[in-house]
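Data first, discussion second: the structure below is written as structure tokens.
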Amino acid sequence: RKPTVAITGTSSGVGLYAAKALVKRGWHVVMGCRDLDKAARAAQSVGIPSDSYTLIHIDLGSLQSVRRFVENFRARGLSLDALLCNAAIYMPLLKEPLRSPEGYELTVTTNHLGHFLLCNLMLEDLKRSSYRDRRLVILGTVTHNPDELGGKIPPRPDLGNFEGFAAGFKDPISMIDGKKFESVKAYKDSKVCNVLTMRELHRRFHSSTDITFSSLYPGCVAETPLFRNHYPLFQKLFPLFQKYITGGYVSQELAGERVAAVVADPEYRQSGAYWSWGNRQKKNRKSFVQQVSPQARDDENAVRMWELSYKLVGLA
Ligand code: NDP
């Protein structure tokens, strides 16, 4: 049988092209999307054959919807051989926080808490799979890491001591560190949590399950709709800036190939790894395992993130 991968957010960008690249490698893709018509149109637009994917609704900004996705996945009797956590929102111009139905700040809920719950629930499905090389991959980004060139632009991510999580993460609280709402920082904080989640999954479950847990920065995919909530002028100039000034630009097609490789190719079977192709893209650039940011490699942070997120998503 074909191996099956579940991917969140395949209606555009990196997730769409990763789905395309995995189908090309012979995988069946379960597309977890919040707008199923849009996802089907997107799949068709890049030539993914309709018998190579299954659409299941998920809104990562709602924990109840995440639980329903898992129920629907199981009801179809599918085997889960790999899980790719890709969906994200980035709302740089937002001045006041948006809220999930639970009352949590929406960027961190969508990018981190929704995926944290999904990973914990679907770990059971991965364990049940008889596939020889099961993997769970979570998208990271260079902006999670202020030690890297691409991560130096303020605001920097800062989880503090998770004061906001500890206080329940509901109004008036909107940031993980309990400080004033800053939408760009919320995105970066959520990506630090994505890396911490991957590392803690690895520490807790790799040796007992043999599942590979990993994360990656596929390069600056400046033309995805991730930047659609930015100023129009930014959307125009950002790809040019990345192409001709920083050299960080990567096409959606190449980013999709890189993500698919980390999900499926034998040379990426290394658990706990964070893969990168560097900031400056040259032709045929090789990947390497990159050190993650100081906050993302702090084991105490990982445990605190895990315990507090576990409570917030209702697992404790
Ligand atoms: P896009 O905006 O193109 O894609 C995001 C996807 O997530 C879309 O399918 C979107 O669906 C989906 N999504 C958003 N919110 C939800 C939700 N609440 N429930 C379900 N699905 C949702 O962005 P990218 O492809 O650029 O980003 C994908 C990943 O890559 C992210 O994790 C991002 O952090 C990471 N990344 C991106 C980089 C870049 O330069 N672009 C660089 C490094 C990492 P919809 O179409 O309905 O909005």
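Pairs of alpha carbons in region 74-216 separated by more than 20 Å make up 50% of all such pairs.
Pairs LYS188/LYS243; LYS170/LYS191; LYS24/LYS236; LYS24/LYS283; LYS185/LYS311; LYS20/LYS191: which exceed 26 Å Cα-Cα? LYS24/LYS236, as the Cα separations exceed 26 Å there. Counted residue by residue at 0.36 nm each, then reduced by the alpha carbon distance between them, the extension gain from SER79 to ARG203 reaches 42.2 nm. With contacts taken as Cα pairs under 8 Å at a separation of at least 6 residues, region 102-191 carries a relative contact order of 35 percent. Spacing of the modelled spin labels on ARG132 and ARG99, each 7 Å from Cα toward Cβ, amounts to 5.2 nm. Once the C-beta distance of LEU315 and ASN284 is scaled by a Förster radius of 51 Å, the resulting FRET efficiency is 0.75 to the nearest 0.05.
Note on the chain: helix-only mean residue ellipticity at 222 nm, from DSSP H runs of 4+ residues weighted -39500 (n - 2.57) and normalised by residue number, equals -11500 deg cm²/dmol. Here the chain has an Rg and Dmax of 18.0, 51 Å, counting Cα atoms alone. Taken over the Cα atoms of region 142-264, the convex hull encloses 138 Å³ per residue.
Across the chain, where is the longest run that never hits trypsin sites (Lys or Arg not before Pro) in a DSSP loop with at most 11 other C-beta atoms within 10 Å? No qualifying site falls inside 181-281, the longest such stretch. Distance from the alpha carbon centroid of region 29-83 to that of region 182-260 works out to 21 angstrom.
Read-outs throughout are calculated quantities, based only on the coordinates presented, and are distinct from any laboratory measurement. Worth saying up front: this structure is predicted, and the values here are computed from it rather than measured. For neighbour counting, all protein chains shown are included, and Cβ atoms are generated from backbone atoms with ideal geometry for every residue, glycine included.
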